[in-house]
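Visitor: Sharing a structure, written as C-alpha cells. Questions coming.
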Amino acid sequence: MNPLSLDCPVSCPYGEARSPRFDFPVGQVRRVAAADPDQDVDETKRNILKLLAVAGIVGAGAGGLVGGTLQFVQPPTVGISSFPITQLLDVDGSALTVEKVESEYNVATSSLYLFNYPLRNEPNFLLNLAPVNGEQPSPSNPGAWNVPGGVGTHGSIVAYSAICQHLGCPAPAIAYYPPGTCPQTFPTPTNPNSPFYIHCSCHGSTYDVTNGAANLTGPAVLPLPQIVLVADPDTGNITATGNTPNSPTVNGHLNTLQGDYSVGTSSQLAKENPVIVCFFGLPS
Ligand code: FES
C-alpha cells in the first residue's frame, strides 16, 4: 500500500467482507445501546413520526389534512443551553464509583465502555489508564497516572469523545487499543514508546489517551473532546460536568450542545467490542 494513500487496508471493516454489524456510513453516529436493548432506538425520529401522525389526525378533523400535517414536517431543533451534571452508572445500573472503576478496569481492559454525554447521540470512552499491577507506571510497566483531567486515586480515570475528529467514525470503529494490541508505539510526554492509545480504523487517526487525546497521527488534526469528570470525595461517585476548555466541538455537530436531547441526570455505561485495525495514518 502506498503509505501516503488513505485507501482502506484489506482488513478495513468497510471492505468487501465487512460484517453487517459495522455496515454504517462514515459520519453516521450510532447511539450507544444501554443495558436495555429497547433503548437503542432513535427517539428523535420516533417522536417526529408520532407528531406527524397526531398532526394528520388533527388536520383531517379540521378539514385541512395537508395543512395540518405539513406544519410539523420541519424537524424541531433540539439541544440544551448548558452542560448537564450527569451521574455515571456502571453497566449493571449502579452508581459508578472510583472504587468500582479501579477494581474493574485498567490500562489493559480491551472491551470498550461507552456512555452518552452531554447529548444522547454523543458517545464517550470511559478509561482507567492505571497499570494492571496497580504500581507506578513506567516504560516497562505500561499505564499512566496523573493525566490531565484524570480523577481517582492516581488521576488515571478519563473520558474522551468516541466520535473521530476526522470524518466522524463512531465507536467501535474508533476504539481504545490496550498495550500490545498493535506493534506500533508513539512518543508521548511521559513515555518515548507508549503502546496504548485511541485509534480509528476508518483512516488511521490516533490519539494520545495520556495527554488530553491529543492527535498523534492524521488525517485528523484535532484532539478528541474530553469530558470533565468529578469524583465525589465522600461517596466516590463519578459525574460528568462538561467538556475541558481545549475541547473542540464534537464531530458532526455545529455545537456540542445541539443536535439531540440531553442525557439528563444519569448516563449508563454500555459495553462494546472494538474494531482493531493496525493501520496508522499520516503524522499530524
Ligand atoms: S474517520 Fe477518518 S480517521 Fe477516523
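The values are calculated or read from the model by the stated rules, or taken from the named source; none is laboratory data. Only a predicted model underlies this, so the values are computations on that prediction, with no experimental measurement involved. Heads up, the Cβs are rebuilt from the backbone with ideal geometry, glycines too, and the neighbour counts pull from every protein chain shown.
Visitor: Could you please let me know if C200 is modelled with pLDDT of 95 or more, within 22 Å of V263 (Cβ to Cβ) and within 15 Å of the ligand (Cβ to nearest atom)?
Guide: no
Visitor: It is to be established whether one or more residues within the range 226-234 are surrounded by fewer than 16 Cβ atoms within 10 Å (Cβ to Cβ), in contact with a Ser or Thr (Cβ under 7 Å, 6 or more places away or on another chain), touching a residue at least 12 places away in the same chain (Cβ under 8 Å) and in a loop (DSSP other than H, G, I, E, B).
Guide: no
Visitor: Quick check on the range 207-218. Is at least one of its residues of a type in the set (S, T, N, Q) and either crowded, with 24+ Cβ neighbours inside 10 Å or more than 16 Å from the ligand (Cβ to nearest atom) (or both)?
Guide: yes
Visitor: Only one of L126, L119, L112 is in the same structural domain as L257 (by TED's automatic domain parsing), at pLDDT 95 or above, within 20 Å of I227 (Cα to Cα) and within 16 Å of the ligand (Cβ to nearest atom); which?
Guide: L112
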